[in-house]
Structure formats: C-alpha cells, structure tokens
Amino acid sequence: MRPPGEGPPAKRPKAMLPARPAVQPRGPPPAEQQRRSLPIFPVRGRLLGHIRGLDSAVVIGETGSGKTTQIPQYLYEAGIGRQGTIAVTQPRRVAAIALATRVSDEKKTELGGLVGYSVRFDDLTSDETRIKFLTDGMLLREAIGDPLLRRYSVVILDEAHERTIHTDVLFGVVKAAQKKRKQLGKLPLKVIVMSATMDVDLFSEYFNGAPVLYLEGRQYPIQVFYTRQPQSDYLQAALVTVFQIHQEAPSAQDILVFLTGQEEIEGMTKTCRDIAKHLPDGCPQMMVIPLYASLPYSQQHRIFRAAPKDCRKVILSTNIAETSITIPGIKYVVDTGMVKAKKYRPETGLEVLAVQWVSKAQAWQRTGRAGREDSGICYRLYTENDFEKLNQMTIPEIQRCNLSSVMLQLLALRIPNVLTFDFMSKPSPEAIQAAIEQLVLMGAVERKDNQLVLTPLGRKMAAFPLEPKFSKTILLSPKFHCTEEILTIVSLLSVDSVLYNPPARRDEVQSVRRKFISSEGDHLTLLSIYRAFRNVNGNKGWCRENFINSRNMMLVSDVRAQLRDICVKLSMPIESSRSDTGNIRRCLAHSLFMNAAELQPDGSYRTVDSHQAVAIHPSSVLFHCKPACVVYNGLLHTNKCYMRDLCVVDADWLYDAAPDYFRRKLQAAKN
Ligand code: CDP
Ligand code: MG
C-alpha cells in the first residue's frame, strides 16, 4: 500500500466565511460551551447577515462543523422565520430523530416542544414546535395537503448531496412554493440547501443563482492508501486490514469499515468476534459493532459508546455512516469501495438492489470520517487506478429507480404537467413513461383530454404513506374480505424486520420458527407470527424465545393502527378472512401481478412479464420449495437476481387481475 498525493478536490469559494480559532469562554455550561466551540460559531453573525437578506442560499461546510444542529437554532434565536416553523429535512429517519433530540437538549426543552421531529408513522411535534426535523418524504407528504407549505417560513434541505428521490422532488416542490408565495404576496419562503460535498454550481443555478456560503471547518489531515492489486474478495481484504491495524495500532484508535448490507455485516461481525477471541496475548480486546439502517434505534446507538480501556471499537457499517451518523473516536476508515444501491431498467420494469462501486464523492465522504477529531488514515481496498475510474458524483436516485411512487405524488400535488416538472436532474422519458404505464395499469391514473389525472382510486392510493403497490393491496382487500389481514401484512412489511436472526444461533432460530412457517409463503408466515404475538399480548419473553424483535413488533401494531385509521376515514369496510388464506393470496395476486414469476420445466424461475431469470432468496420460507407460480415484493440483485418476500398464487388469478395486460404480454411474446 502507498499513500497517494492528493486530497479532496479543491473548491473555489464564492463568499468566504473563514473560521477564527474558537475562543474558550469561561463560565457557560458545558452544552453552551460545546456549541461555542463548533467551527460555525465564530461566523454566526456574518452567516445570519447573509441569510437574512436572501431568498435562497447554498451552505457548504465540513461534516461536524455545526450546520445541521446550529443553523436552525441561529435562525430561531435571531428571529428569522419566527412567523412560521423552520423545517429541516433529512434523507434518513434515524438522523431526523437523533438531530431533533440533540437540538432540543441543547435548547434545554422537551423533545416535541420547541424542537420536534416527524418521520413516517412517528410524529413528535406540537403547536409550540418551531424547529422541526423531518424526513424529506414527510415534507413531501405534507406538501400534498398544502403545496405552498404555508406553515413553514424556512425550509432547510439538508444532506442535499445524497440526492434521494424525495429530496430531488422536494427541490422542485419547494422552489415552486417559494415562487408562488412571492407571486401571491404571502409570507416569503426562505430556502437553504446544505451539504458537506456537492456540486454547488448545479444547486446554485437551480435555485435561481442562490449565493454559495462556504464555512471553513476543522479538517485534520488524512492519509489515504490504496491497494497495489485489485482485490477479488473485498470482504477478505477488509478482514485482513482490520486485523492488521488491530495488531499494530494503539487500542484507543477505533476503526470504521464500510460494507454493503445487513447480511454481510452480520456475517463479518461474527467472524471478527471469533478471530478476536483467539488473538495472541498482548493484543487489545476488540468490540465489534454492526451498523445498518434496519437495526433498531437502540442498537444503532451503541456505536456512540466509547470502548472500555484497552479495547478497540470496530464498527462495520453500510453507507449510513457516510453522512447520516457521526461516530466519535474513529481514526481508521476501511473503505471497500462498494455500496448496495438501487438500479432500475425501465425497459424491463425491473428495480433491483445491487452491490456496486461508490462514486468519488462517496469515497471522499467515507475518507472524511477518519479526520473528525485528529489526523486519520483511510485504507481504500481498491487500486488508485480503479478509484480514477469511479463516477465523479453519485447518480441521483431519481435517475435509477422506479418512479411510480413519485409520479403518483406529483399528480396528487396537482402538478399541472408531470412530464415537464422542474426536476434538477431529469429522469429519462422512458422511466417516466414506464411509471405512468404502471399507474395506469394499477388503475390509479387515466388520460383525460390529453392530460394525466388521478382516478378516484389513485387519489385514495396517495392517501397512504406507502408504495403504490401496497396502498393498492389495502384498497383491494375489501373485495376479498381480508382487510384486517392485509393491514397486518402491509404493516409488517413497512417497518424494519421483525425477525431477529443472529447468525451464531442459526439452527436454534430455524427450529423455533418452524411452527410459524406457512407453505403458502412469507406474507402468510409473517401473518402467523403476528397473530401468535397478539395471542401472548406482546410478551417480551415470548419474543426473546422466538427471536422476534419486540420493539419492531410494537411498531407494527402502531403502524397498523395508523393505516387502519386511514381506511376508516376512506369509509372502507374492514373485515377479517379469519382462517381463509386463499382470499389473502388472491388479494396479493391482484395487487402484485406485475411482480410474478413462474416455475420453468428446468426447475428455474422466470418473471411473467419480462422473462427475466430469477431465484427464490435464501431468506424466504419457500427457499427449498418449488411452487408453480409466485408473486414477490421486490428483487435483489447480488450474484443472482433474487425474489424476496414471496407468496404462492394461482396463475389464473394473475390473469384475472389484469387480463388486458397479460393478453398484451402474450401477444408480444408471440411476435
Ligand atoms: O451538520 P454538520 O455535519 O455540519 O454538524 P452537526 O450535525 O451540526 O454537528 C455538530 C457537532 O455537534 C458534531 O461535530 C458533534 O460534535 C455534535 N453532535 C453530537 O455530539 N451529537 C449529535 N447527535 C449531533 C451533533
Ligand atoms: Mg449535518
């Protein structure tokens, strides 16, 4: 390994806001002192001076400089935006909750008072709330009720570089609201876009030439090393690197490893723990902590705890630690260069999660995690040559995913023409067309006088905070007299997994789970787990014995109640199919008919609509079975294209669900 001779690309500041050395004031309490020691503090006055006079601004500053926690407070304290609420959006719910908690602590108020948060299925705000952290998806949802976002005086679009699909749509919605409010002479809407790394010109230009304000932060030097040779197995390479560091570096220096997903991380956690047990005397202890989005919040929180003396903390994380979460104590970053991200091909209609290379921007973001408190070291487990071949920026999600959910939302927002919506980065016309076709097929959208409009069904679908396929499932369920069951199933699929699968106890898990398994698939297996959970009144001991995540299960009940409320508001009849599972499967077949696969004579599976080769994911209860026909929730592409969450259905039901569609497909196949 050798150090390269360069750092992050230098940027040309437009309006420079240099940070002066932080003064160490005597007297103020620790929280206040901490606030004052942040790099952003010395430029507070000038920053506010700039922002006060601007409609829109782009703020760039190193991670940890204090943008997210301080700027909303500065605005509030300076009386900017007092006529309304200050919204701060985050791409991830864990970040929204953590930040709201932090800022309400700093303001010494109760969470949900002056400072609150709102994420899907969880709203902790009140009439007093003036600083509100929310996921970008939630603000978008609020915009459906009020496209002018009248309750907000300031919208801060944070972590803008992540370019999640919701952030990208929000850019357009917020920009339109700002313009419209100006035209109508209403309270102006201030828009602030923030990030640590982004293509500033693109953002500035999009927001009508908004000035770019640069914060100079503390960044300690970081040495970057590449491998000499490409690595055929990045997991093995990561393992070797971790233990090399572990045997050489002082134990107080922690390691952060970037991997791609839950299974990989759990597997690696176990391997590291096993190896760490058998190290020679004199080697420090090792505390290995996994981190990924679907871990319960309480477990994610463990990363913030310092390791005991003579023990090294090793965190194995997905890209969630790239921006959303800052972990103290990290000296070493090990970057595999890989990330699991969505890809979409409109020709086939397939949206897949696939492991792929990061962009240069992501690689630098990962590297930056090593230099937060002191100089750091980053090992990139790929060659410098491979680094040079990476994309400069991550392709915005909106250009690589299925757009049906977004199109439904834009139509619900009454955007006059979704085809010409002011996207910062336009999705391809094929992708937009494919999404609209899907919505038409679902009966959510129709063409009227050459215009696209929501059908009454489509409007109802938009009322649920769910993907269109799931809101459609709920709306179809009265026809099959199984709304109670479908509500349960959709709720189970809307929270992080309720199944706790510690890899070390795999055999035990399999044996206790056997009693829940339904030969009709994963949806019905989940349903039977939920029923058993209700039967024991959510008993925690029962959950432990059965490897069920009780916190997520409680959340399911909560989500279910919220979805049920929406059904009641829509005056839907809510019936239970009781022990009749046929109707539940029929209902799933009718809503997921576009995600169907059939067994081939050679024992493999192919999707019904595009004849793509697919396989049953090992985590499915049907993994060792060969049902003739299934529907599934989604595809995951790793070494193969896997179907996840399957339900056994009759091929005839699919045909009944969408006769025209399948007739067209058959016709196309013949030609
Ligand atoms: O947004 P930016 O990355 O510029 O920084 P921030 O999120 O406002 O955080 C500023 C500082 O507050 C961090 O460097 C941490 O020291 C601290 N912080 C924390 O300790 N716990 C949190 N949950 C959030 C921030
Ligand atoms: Mg931030």
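The values are calculated or read from the model by the stated rules, or taken from the named source; none is laboratory data. Note that the structure is predicted; figures quoted are calculated from it, not measured. No Cβ is skipped: glycine too gets one built from the backbone with ideal geometry, and neighbour counts run over all protein chains shown. Side chains included, ligands, DNA and RNA excluded: accessible areas come from the protein's heavy atoms. Shrake-Rupley method; radii C 1.70, N 1.55, O 1.52, S 1.80 Å.
Things worth noting here:
- Charge dipole of the chain about the Cα centre (unit charges at C-beta), most positive-ward option of 208, 356, 504: 208
- DSSP beta bridges fully contained in the chain are about 35 percent antiparallel.
- For the chain, relative contact order (Cα pairs under 8 Å, six or more residues apart, normalised by length) works out to 11 percent.
- Whether segment 332-487 is rounded, prolate or oblate, judged on the alpha carbon gyration tensor where a/c under 1.5 counts as rounded: prolate
- Loop-resident trypsin sites (Lys or Arg not before Pro) (DSSP state other than H, G, I, E or B) in segment 354-454 with no more than 11 further Cβ atoms inside 10 Å of their Cβ: 414.
- Packing-based ranking, highest mean first, of 566-578, 503-515 given that Cβ atoms within 10 Å are counted: 566-578, 503-515
- Here the mean projected area of the convex hull built on the C-alpha positions of the chain is 32.1 nm².
- Accessible solvent surface per residue of segment 141-238, calculated while the other protein chains remain in place, 1.4 angstrom probe, Å²: 43
- Per atom type, segment 491-624 shows carbon and sulfur on 47% of its accessible surface, probed at 1.4 Å.
- Just the protein heavy atoms count here, and of the accessible area of segment 89-149 at 1.4 Å, carbon and sulfur take up 50 percent.
- Debye equation applied to the C-alpha atoms of segment 434-509, log10 I(q)/I(0) at 0.14, 0.18, 0.19, 0.28 Å⁻¹: -0.58, -0.78, -0.83, -1.25
- Per-pair calculated FRET efficiency, R0 = 45 Å: residue 229 and residue 453 via Cβ, rounded to 0.05: 0.20
- Toward the positive end of the charge dipole of the chain, with +1 on the Cβ of Lys and Arg and -1 on the Cβ of Asp and Glu, the farthest Cα among 381, 588, 176 is that of 176.
- Charge dipole of the chain (Cα centre as origin; +1 on each Lys and Arg Cβ, -1 on each Asp and Glu Cβ, all else neutral): 1340 debye, rounded to the nearest 20.
- Local electrostatic count, residue 258, Cβ distance below 13 Å [Lys/Arg +1, Asp/Glu -1]: +1
- Magnitude of the charge dipole for segment 381-489, about its Cα centre and with charges confined to Cβ atoms of Lys, Arg (+1) and Asp, Glu (-1), is about 560 debye.
- Summing Cβ point charges (Lys, Arg +1; Asp, Glu -1) relative to the Cα centre of segment 66-160 gives a dipole of roughly 100 debye.
- Of all accessible heavy-atom area on segment 321-460, the percent that carbon and sulfur account for (1.4 Å): 50
- With all protein chains modelled, accessible area of residue 69 [1.4 Å, Å²]: 20
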